[in-house]
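Remarks on the structure that follows.
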Amino acid sequence: MRISYRWLRDLLPELTAAPAEVAARLTRSGLEVASIARFGTDAQDIIVARVVRREPHPKRAGLSLVTVDRGNALQRVVCGAANVPEAGGLVVLATLGSFVPGLGAQLAPRDIGGVPSEGMLLSEVELGLADQSAGILILENGSADPGTPFAAACPAASDTILELEVTPNRPDALGHVGVARELAALFRLTFRGIEPRSPRRTADVDLGELVRVDNRDPERCPHYGAACVLDVKTAPSPDWLRWRLSSLGIRPISNVVDVTNLLVLEAGQPMHAFDRSLLADGTIIIRRAEPGERFKTLDGAERVLDPDDLVIADPRGATALAGVMGGANSEIGEATRDVVLECAYFAPRGVRRTARRHGLPTEASHRFERGVDWGAIPAVLERAKVLLTELARGTAVAGAVHVRAAGLRTPTMRLRGPRLDAIVGMPVAFEGALDTLESLGFEIIEKDLVRQEAEVRGASWRPDVSLEIDLIEEVARLNGFDRIPDTLPAIVPKPPRYWHAFESELARTATSLGLSEAVTYAFVAPEKLKAVGAPAPSVTLLNPLSEERSVLRTSLLPGLLDALGHARRHGQETVRMFTLGAVFGSLVHKSAGDEHARARPRLGCDHGALPDEVLSLAVVLAGPRPSYLTKPDAVDVYDAKGVAVELIERVTRRRAEVRHAEPGPTTAYLHPRGAAELFVAGQRVGVLGPLHPNVVDAFDLGSTAQVIEIDARRLEIIGRRALVYQPLPRLPAVVRDIALELPQTVSAGDVAQAINEAAGELCESVELFDLFSGGSLAPGRRSLAFRVVYRDPRAATDPDNARTLTDVEVDQRHAKVIQTTGERFGASLRG
């Protein structure tokens, strides 16, 4: 919103603060001034001159030699304008060395066709007053003496423009009157608003015979006002009006139209002018559009209206889109004589829908969408009538037509001194606070200074002030937020990120393994759950913000893979992330004694079917693994296995086992060659492996990644069971290493299990410690080396009766291991 400093001075004669100070005070009060710019010129060396004579250029056709009186001397300049006035006319002269705004440079002497020119006669464009002009600027005879600085002769040609960033809750600041009211409160000045005047000419005519209003939609138009001015003379506006509109970004059109635009900028109240001769019977109808109704707006576009659009019509059809734009069929033109003025209040939401629907953001819709000052409608209509009688020599018809509906009223609010002090955070003089509110135009209906309570009536121009907290904000804002002392607020302890000890332990353990936590949404898109083969969602939102957040997740992977994709798109290749949270299964009835119900809180209320809420952990590993002085390799399934096993064993304090997973629905999102299952104490607690290529494509990841999914609820239950500690064995173990050559299709887990079974009760542990392929081995075969530990099983439970194993009995068991692996897997000892 552009604001004219000169206009503010007209509204506030007591205002002496410079534009920079005004901008600073407005910004501190919440009306941010984004920039300050100069309009026109106030240069003292651009002066008024009187034409003495005009002669043709001796060598250049179309050019003239103009001799002017500059007050203290005569001067001749070369001019190319066709509208140079006859002798005695007043023009604007730029002397040598003066800065010409439209040229953006200082004026230097020039030789034009062999004739020196030591000055320049200026147009409105060169003065920075307009975007286009038909010739040089000609001033009214007698308006100034030759030699008078142009800025003194035409004060309206120089101004300072403040660019305000007006927030949607402050529609009052979309007009100069509202900003002036704000400044009057800030600088403690007297604010009187627009001084009412009477029209210069009035007609002895009954307005009801000229204008009739039929409001068929009072909900969308609670107040419609109309007035009439007869016998207007449509012509260009006077200079001051054209320059004022141009300085604020409005193109001047004609005196009648310019008056309505001036009042938009002055009062923030959009107006529209109809040519009465184009209104059938002078009748105005406010109604909804008919389905498929066509209407041509002032921009020349023919539009198909929606039944939700509110239109201003006559008996023949629509003449304006209410609150947005007028129609070409009632436009003001040179032939217009009688004008019907419209000033109304249209419901903001309806105007917003219409403007968006038709792609028509206008000065009017911008204001109506935020809420205009419905209380100012009568005064603005009268102001328009006065201006049209002054600027268009019209004759005003007494009175106005006002069609009002119930519902528009200002709110009343209670203000309490203790509440004011508590919210602001410092003592505030209650009587001073009431003075501040009165300076903003709020009415104090009743006050009790002893009890520090008051009843305050709101203002029609401030729809954002309707509660006590709004009044408190106004007091704090006007007194200055920067005056509130800095104090350390009382810190309320917040609950930890995880409110179960096991969750905290799990998160800490994952972090200690070098993983970063990703906090993901509980709501996901159903297509993404389907892409990772997760169960169908049991909870669907009736009114989701978007399809991407429409169902409760049944897997953590969609959110985690979205985070991976986001990281990769931003150039981060190395990703080590985990997410911890609930997944929501099928609807079940949980009893209070259910172990799983105790493990996790329940959603919603305590009765009825709820989704089974399962605490889960998901991990993603991607990018190169750390390396030093060597080319880094990408992480693989063994990295995922190491993280999963270490994580599980730390939180459960039990040994984790990894087994190859057969293809199935629970591992469909994993590559079948690398999919594995995680077991603890014989229970399946999770899966791991590389992503299936189909999943990589579905999430647009570019390349694969290793993922781990763990049922943390099951881990918690396992971890809660009491550990049985055994004493360290006092007897030595017998260790035998065995290297087996076997087909690559045989899994190490199956071989380890076979060794354990064949060694019997004397086998304490079996551990894979080496894998080798290539070299002298035949294609399709590899070598697996295991360390087998033998010990008397009574060494831990009954050490008094235990004994040290002999080589003979260990050799017998070891021979059986070799025989069993050879028969079952075709394995042979590798020399």
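The values are calculated or read from the model by the stated rules, or taken from the named source; none is laboratory data. All values derive from a computational prediction rather than experimental measurement. We place every Cβ from the backbone using ideal geometry, glycine too, and count neighbours over all the protein chains shown. Accessible surface areas use protein heavy atoms only, side chains included; no ligands, DNA or RNA. Shrake-Rupley method; radii C 1.70, N 1.55, O 1.52, S 1.80 Å.
Select from region 705-782 those trypsin sites (Lys or Arg not before Pro) which occupy a DSSP coil region and have at most 15 other Cβ atoms within 10 Å, ordered by residue number.
Details: sites: Arg713, Arg714, Arg720, Arg721, Arg730, Arg736, Arg781, Arg782; in loops: Arg721, Arg730.
Answer by residue number: Arg721, Arg730.
Could you work out how far helix 501-512 tilts from the main Cα principal axis of the chain, as a 0 to 90 degree angle to the nearest 10?
Helix 501-512 sits at roughly 90 degrees to that axis.
May I ask you to compute the full-extension gain from Gln812 to Gln726, defined as 0.36 nm times their residue separation minus their alpha-carbon distance, rounded to one decimal in nm?
28.2 nm
Could you give the size of the charge dipole of the chain about its Cα centre, using +1 on the Cβ of each K and R and -1 on the Cβ of each D and E, expressed in debye and rounded to the nearest 20?
With Lys and Arg at +1 and Asp and Glu at -1, about 920 debye.
May I ask for the distance between the Cα centers of region 305-338 and region 154-169, given as a whole number of Å?
Their Cα centres are 31 Å away from one another.
I need the calculated FRET efficiency for the pair Ser277 and Asn141, taking r as the beta carbon distance and R₀ as 56 Å, to the nearest 0.05.
Taking R0 as 56 Å, the efficiency between Ser277 and Asn141 is 0.95.
For a test of the definition: using alpha carbon positions, the gyration tensor, and the 1.5 limit on a/c, classify region 180-259 as rounded, prolate or oblate.
Working: a/c = 1.74, a/b = 1.26, b/c = 1.38.
It comes out oblate by the Cα gyration axes.
Quick one: check the C-alpha center-to-center distance for region 518-546 versus region 226-276, whole angstrom.
If we compute the Cα centre of each part, the gap is 56 Å.
Note down the nm distance, to one decimal, between modelled labels 7 Å out along Cα→Cβ at Arg2 and at Arg416.
Calculated label separation equals 4.8 nm.
Find me the longest stretch of the chain that has none of the exposed chymotrypsin sites (Phe, Trp or Tyr not before Pro), where exposed means in a DSSP loop (not H, G, I, E or B) with at most 14 other Cβ atoms within 10 Å.
1-498
Please work out the ratio of the alpha-carbon Rg of region 303-422 to 2.2 N^0.38 Å and round it to two decimals.
1.36
Can you tell me the accessible area per residue over the chain, all protein chains present, probe 1.4 angstrom, in square angstrom?
49 Å²
Can you tell me how much longer the chain between Thr487 and Ala335 gets when fully stretched, taken as 0.36 nm per residue apart minus their C-alpha distance, in nm with one decimal?
47.9 nm
Once fully extended, how much extra length lies between Ile469 and Thr666, figured as 0.36 nm per residue of separation less the alpha-carbon to alpha-carbon distance?
65.4 nm
Determine the shape class of region 673-831: with a ≥ b ≥ c the square roots of the Cα gyration tensor eigenvalues, call it rounded for a/c under 1.5, and otherwise prolate if a/b is greater than b/c, oblate otherwise.
On the way: a/c = 3.23, a/b = 1.31, b/c = 2.48.
Oblate is the answer for region 673-831, as a/c is 1.5 or above yet b/c matches or exceeds a/b.
Ile36 accessible area, nearest 10 Å², 1.4 Å probe?
Answer for Ile36: close to 90 Å² accessible.
Helix-only estimate, please: 222 nm mean residue ellipticity of the chain, summing -39500 (n - 2.57) across DSSP H runs of length 4 or more and dividing by its residues, to the nearest 500.
Using -39500 (n - 2.57) per qualifying helix, the result is -8000 deg cm²/dmol.
Using a 1.4 angstrom probe on the protein heavy atoms only, could you order Asp700, Asp131, Asp231 from most to least accessible area? Each step should come with its number before you reach the end.
Values: Asp700 115, Asp131 155, Asp231 80 Å².
Ranking Asp700, Asp131, Asp231 by accessible area, largest first, yields Asp131, Asp700, Asp231.
Of Arg813, Arg791, which has the most accessible area and how do the rest follow, probe 1.4 Å? Before the final figure, lay out the partial values.
Values: Arg813 60, Arg791 35 Å².
So the residues, ranked largest to smallest area, are Arg813, Arg791.
Give the residue list of trypsin sites (Lys or Arg not before Pro) in region 316-376 that are DSSP loop and have at most 16 other beta-carbon atoms within 10 angstrom. Intermediate values should be presented prior to the final figure.
Values: sites: Arg316, Arg337, Arg349, Arg352, Arg353, Arg356, Arg357, Arg367, Arg370; in loops: Arg316, Arg337, Arg370.
Passing both the DSSP loop test and the Cβ count: Arg316, Arg337.
So, with +1 on the Cβ of K and R and -1 on the Cβ of D and E, and no other charges, what is the size of the charge dipole of region 434-487 about its Cα centre, to the nearest 20 debye?
Roughly 80 debye, rounded to the nearest 20.
Net charge within 9 Å of Pro149 by Cβ-Cβ distance, Lys/Arg positive one each and Asp/Glu negative one each, not counting Pro149 itself?
Net charge around Pro149: -2.
Among rounded, prolate and oblate, which fits region 268-333 when a ≥ b ≥ c are the square roots of the eigenvalues of its C-alpha gyration tensor, a/c under 1.5 means rounded, and a/b larger than b/c means prolate?
It comes out rounded by the Cα gyration axes.
Please give me, ordered by residue number, the GluC sites (Glu not before Pro) of region 252-358 that lie in loop per DSSP and have at most 12 other Cβ atoms within 10 Å. Walk me through the numbers on the way to the answer.
On the way: sites: Glu266, Glu293, Glu302, Glu331, Glu334, Glu342; in loops: Glu293, Glu331, Glu334.
Those that pass, being in a loop and sparsely packed, are Glu334.
Restricting the calculation to Cα positions, tell me the Rg (one decimal) and the Dmax (whole number) of the chain in Å.
Rg and Dmax of the chain, Cα atoms, are 42.9, 136 Å.
At a Förster distance of 45 Å, what's the computed FRET efficiency of Arg457 paired with Ser703, Cβ-Cβ distance as r, to 0.05?
Computed FRET efficiency for Arg457 and Ser703 comes out at 0.10.
Hey, rough spin-label estimate for Arg192 and Asp770, points 7 angstrom out along Cα→Cβ, what's it come to in nanometres?
Simple spin-label model gives 10.5 nm for this pair.
Give the average over all directions of the projected area of the C-alpha convex hull of region 779-831, one decimal, in nm².
Dividing the Cα hull surface by four gives the mean projection, 5.0 nm².
If you take the beta carbon distance between Leu74 and Asn169 as r and set R0 to 51 Å, what does 1/(1 + (r/R0)^6) give as a FRET efficiency, to the nearest 0.05?
0.25
Calculate the translational D of region 415-498 in whole µm² s⁻¹ from Stokes-Einstein, where the hydrodynamic radius comes from the Kirkwood formula applied to all Cα pairs, the temperature is 25 °C and the viscosity 0.890 mPa s.
The Stokes-Einstein estimate is 174 µm²/s.
Accessible area of region 207-321 with a 1.4 Å probe: how many percent of it is carbon plus sulfur?
Solvent-exposed carbon and sulfur of region 207-321 make up 47 percent of the total.
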